[in-house]
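Every number here is computed from the coordinates shown, using simple stated rules; none is lab data. Keep in mind it's a predicted model, so treat the numbers as computed, not measured. Cβ coordinates were reconstructed from backbone atoms using ideal geometry, including for glycine residues, and neighbour counts include every protein chain displayed.
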């Protein structure tokens, strides 16, 4: 029986990748019969996560890093260095002692990559790309040097796979496209019918995501402020949290949009809000692939999304599975919104059916099947 270890240390407990990691391990354990899977809990970052029957390996007993709050780019780099120096030798010791067949790495991947460059292990290394790769010089150089040490590179979208192929960092046979395990249909069908504690007086557009530059909520707030008459019959609901929350609140207050735009903060269950929304809007500057978009398709909610790299274009296609607009372009967004609001019920339903079919590629079962092929050396 193969023994697989998963590495995914993180400093933000709200990022979508964590769902992908836990779903991968859980589905492999549930559906696969040829492997035993473990999650490395580096500094306690996974302590509070509901991981069902996933077995955790606690790497560092000291939980001080988990308690620290490092805000901003410079301070977050300090935290990364702290994680690097405190986890390097404990991880090396575990790999030498336990000799797992595979180490699958998701976040803060420089630590194990650097380790595999300097050492020889019986363990095979699999790099799983999380989010759209921002290929700066240091990352390019690190990946290039380590390419011979990496067995496979798993990409969540075909666009990301093609992007990496164009950079000639890895061999063609190393790079594999496997969609993220985003949805558990049985669980979602229960969650989407939970009652919402808020009463909405108008149909609402829904936007979900961390309050960061990437999610580009500011674009949507500005659009609403300029088109109040056009959108008089609809409200905007934004669910999430993050460093730009105070900026959003101040913008909404200054533009006198408090009755039009509601910020609800973080919600453990988003599916009941998605299920009751007029449509889901994503204005992101980049996504890979865009978890909320796939979740919207699963609950039959129409999708309006920017054509940012790399997931939305791939999922929606040429408007077959939703409505797409040019990223950060208000005129293009207005056109997409017009098309949605003026579309017949028959046309909307056709898109919903097509999107739901597409979303089945992102189920936990589908992911476990594809990942098992790799871990058991049956990749075709």
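By the Kirkwood approach, averaging reciprocal distances over each pair of separate Cα atoms, the range 102-154 gets a hydrodynamic radius of 11.2 Å.
With only the Cα atoms considered, the range 1-132 has a convex hull volume of 113 Å³ per residue.
Its residue count N sets the reference 2.2 N^0.38 Å, and the alpha-carbon radius of gyration of the range 289-334 equals 1.06 times that reference.
Over the chain, Cα pairs under 8 Å with separation of 6+ residues give a relative contact order of 15 percent. Taking the Kirkwood radius as Rh and the Cα radius of gyration as Rg, the chain has a ratio of Rg/Rh equal to 0.97. Both radii were evaluated on the Cα set of the range 183-267; the Rg over Rh quotient, with Rh as the Kirkwood radius, amounts to 1.00. Scaled against the 2.2 N^0.38 Å expected of a compact globular protein of N residues, the Cα radius of gyration of the range 103-193 reads 1.26. Taking the fewest neighbouring Cβ atoms within 10 Å as the starting point, the ordered list for 145, 40 is 145, 40. Each of 81, 219, 200, 325 was scored by other Cβ atoms within 10 Å of its Cβ. Arranged with the fewest first, they read 81, 200, 219, 325. Translational diffusion of the range 185-362 was estimated from the Stokes-Einstein equation, with Rh taken as the Kirkwood radius over Cα pairs; at 4 °C and 1.567 mPa s the coefficient is 80 µm²/s. Taking only the C-alpha atoms of the range 218-260, Rg followed by Dmax gives 10.3, 31 Å. Report the relative contact order of the range 185-362, percent, no decimals, based on alpha-carbon pairs under 8 angstrom and at least 6 residues apart. Relative CO of the range 185-362 lands at 21 percent. For the chain, adding -39500 (n - 2.57) for each run of n ≥ 4 DSSP H residues and dividing by the number of residues yields -12500 deg cm²/dmol at 222 nm. Shown for the range 243-300 is the translational diffusion coefficient from the Stokes-Einstein equation, using the Kirkwood radius over Cα pairs, a temperature of 4 °C and a viscosity of 1.567 mPa s: 97 µm²/s. Only Cα sites of the range 341-380 enter the Debye sum here, all with the same form factor; the resulting log10 I(q)/I(0) across q = 0.20 1/Å is -0.65, listed in q order. Placing dummy labels 7 Å off each Cα toward the beta-carbon, the span from residue 332 to residue 356 is 3.0 nm. The distance from the alpha carbon centre of the range 165-229 to that of the range 234-302 is 8 Å, rounded to a whole number.
Look at 106, 10 and count the other Cβ atoms within 10 Å of each Cβ; fewest to most, that gives 10, 106.
Seen against the Cα atoms of the chain and their longest principal axis, helix 245-254 is set at about 10 degrees.
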